[in-house]
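Reading through the structure tokens given below for one structure.
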Amino acid sequence: MKALVISTVVCLSFGLLAQDDWTADDSIKGQRMIETIEQSLMHFYQDHAPRGNYDSIIELLEAETAEMPTFSDSVYCERLNKMNEMSPFHLDCNQHTLKTIKFFVEKRRGFSRVVLGRSALYFDMYEEKLAKHDMPIELKYLSVIESGLRPQVKSRAGALGLWQFMYRTGRMMGLKENSYIDERMDPDKATEAACKYLKMLYEMYDDWNLALAAYNAGPGNVNKAIRRSGNKKTYWEIRPYLPRETQGYVPNFIAAAYLLTYHVEHNIVPAVATVRYAELDTMCLSSGVHMATISELLSFDEEEIQRLNPIYKRNYIPKNSPNQCVMLPLDKIGQLVTLEDSLYRLEFEKFKKIREPEIRPTPNPTTGNSSNSGTNYQYHKVKSGETLGTIASRYGTTVREIQRINGLGSTKIYIGQRLKVKPGAKKPTTRPQTSTVKKYYTVRSGDTFGGIAQRHKKSISQLRRLNPRINISRLSIGQKIRVK
């Protein structure tokens with residue numbers, strides 16, 4: 001077996017980098033799995049009842065318990081055998097897997113509904129990454145038992161994110177952390193790191209179940225169990241010699257795979273997904289920006305921005321190289337790309353401008369006490385789809401200035417509302433219609449698809465639509481990318 005010929009140095013290194021620490025008192029079922037379920041559900045309650053009244057949400061999740069169908073063990077085994085025919089995993093039907101499956105479909109139906117709903121946000125991306133690395137598609141279920149598909153879930157030992165990376169393991173796999181960001185909570189980067197780490201573990205053992213055990217307990221513990229078992233070669237053979245939590249880890253994985261495959265048969269209906277992966281896009285920022293600024297400019301809830309961008313520890317997206325990005329629904333990203341200049345101007349006004357004392361003009365005795373008599377205001381009637389940000393950009397002013405003039409306490413406006421505006425230096429102009437001329441960019445060393453999009457003030461999706469046949473993850477020097 002490959003694991004037995006690995007050098008002592010590598011074994012010691014991986015032994016220190018187990019994905020979590022476990023106590024001898026943990027149950028076979030997995031105390032940490034219960035904690036993951038509780039944390040994931042608590043985040044769900046907070047999303048749907050931010051004021052803390054969770055009773056109605058809990059009742060809704062558990063509403064179907066009375067209609068819970070039951071099946072014989074032979075039916076469970078038959079379904080697992082069907083899954084086995086299409087999987088490189090050993091999805092064995094035994095007392096351990098049956099007990100765990102029944103636990104989920106009978107005792108944790110609310111959690112099952114939540115992860116089914118959240119799978120719409122992450123599974124497309126998971127499948128894309130796994131296909132890129134030529135890895136089994138079933139590995140997407142691992143994140144269900146690790147985090148309940150919640151990037152914010154943190155274990156007692158400090159493992160964090162969708163894939164529950166410990167700090168040192170994350171650093172080893174290239175995930176960065178500083179005062180503002182923690183890439184363990186970045187869905188895209190953490191999934192890429194998880195693919196590489198799982199692939200590394202598989203190459204050590206040539207067995208996916210053993211790779212899962214090593215992901216949970218560390219290769220050092222797996223190697224120790226192999227030696228104690230008399231050099232057995234499968235997870236089920238070495239299972240009695242593994243840490244107690246890891247003894248329940250692969251059954252948990254099998255149960256999650258079964259649950260998300262046969263949830264309809266168990267009358268488990270996915271909780272409604274608030275957003276899907278295909279409905280999101282990203283834009284990279286050339287300057288540091290607070291989420292409150294984006295919220296004000298787009299009239300979009302700041303808490304939702306934070307939920308869609310869990311990589312950021314604070315409500316601030318720092319300036320960095322390469323540029324940090326923000327993920328939002330497609331229509332909001334489209335607005336943000338259009339209003340990028342207004343975004344940085346508003347950020348300056350809200351957070352970076354040195355406030356100077358206001359100097360009021362001395363009234364002119366010949367003209368009376370009306371200091372604003374010479375001010376020229378215009379009135380704007382709000383149309384469908386407009387925000388204070390788009391209106392401010394049109395008239396060359398700021399959101400805050402429009403709020404001040406109109407006595408607005410928030411950024412909420414309504415169709416047909418008349419707003420007083422004072423045009424700034426940037427006067428409204430009507431652009432002459434011109435025919436679209438295609439423009440191309442030649443890829444240079446170090447270029448990325450996202451960087452090219454940012455340089456030409458496009459979102460990644462906009463640039464992808466212009467280049468439908470280009471593999472964005474495999475650019476080559478000299479390649480032509482259409483940017484207009």
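Observations on the structure shown:
- For the stretch 101-142, dividing the convex hull volume of the Cα atoms by the residue count gives 57 Å³ per residue.
- Euclidean distance between Cα centres, the stretch 78-142 to the stretch 222-294, Å: 8 Å
- Three principal axis extents of the stretch 277-332 based on alpha-carbon atoms, in descending order, are 27, 22, 19 Å.
- Going from the residue with the fewest nearby Cβ atoms within 10 Å to the one with the most, 386, 128 rank 128, 386.
- With R₀ set to 41 Å, the beta-carbon distance separating residue 465 from residue 107 gives a calculated FRET efficiency near 0.35.
- Ordering 299, 112, 179, 287 from the fewest to the most neighbouring beta carbons within 10 Å gives 179, 287, 299, 112.
- Hull-based mean projected area of the stretch 108-208, where the convex hull spans the alpha carbons, in square nanometres: 7.0 nm²
- Ranking of 147, 410 by count of other Cβ atoms within 10 Å, fewest first: 410, 147
- The length gained on full extension between residue 437 and residue 420, counted as 0.36 nm times the residue separation minus their Cα-Cα distance, comes to 2.3 nm.
- Cut-off 19 Å, label 7 Å out along Cα→Cβ of residue 72, residues of the stretch 84-101 by amide N: 93-95, 98-99
- Here residue 306 and residue 227 are evaluated by their C-beta separation; at R0 = 45 Å the FRET efficiency comes out at 0.45.
- Contact order for the stretch 440-482, expressed relative to its length and based on alpha carbon pairs under 8 Å spaced 6+ residues apart, stands at 63 percent.
- Local net charge near residue 293, Cβ-Cβ under 11 Å (Lys/Arg +1, Asp/Glu -1): 0
- In this calculation the C-beta distance from residue 95 to residue 133 is compared with R0 = 22 Å, giving a FRET efficiency of 0.05.
- Under 5 Å between amide hydrogens, built in the peptide plane, is the criterion, and for residue 317 it picks out 289, 290, 291 among residues at least 5 positions away or on other chains.
- Computed lengthening from residue 473 to residue 444, 0.36 nm per intervening residue step minus Cα-Cα distance: 9.0 nm
- All other residues whose Cβ lies under 10 angstrom from that of residue 242 are scored, Lys and Arg at +1 and Asp and Glu at -1, for a net of +3.
- Between residue 84 and residue 321, the simple label model (points 7 Å from Cα in the Cβ direction) yields a spacing of 5.6 nm.
- Rg(Cα)/(2.2 N^0.38 Å) for the stretch 234-286, N = residue count: 1.87
- Additional length obtainable on full extension of the chain from residue 287 to residue 177, 0.36 nm per residue less Cα span: 37.7 nm
- Couplings 3J(HN,Hα) of the stretch 81-98, computed from phi: 5, 4, 5, 4, 5, 10, 9, x, 7, 9, 8, 5, 9, 9, 4, 6, 5, 4 Hz, in residue order, whole Hz [Karplus 6.51 cos²θ - 1.76 cosθ + 1.60, θ = phi - 60°; x for Gly and Pro].
Every number in this text was worked out from the coordinates using simple rules, so none of it is lab data. None of the values given here were measured: they were computed from a predicted structure. Here Cβ is always computed from backbone atoms with ideal geometry, including for glycine, and neighbour counts include all displayed protein chains.
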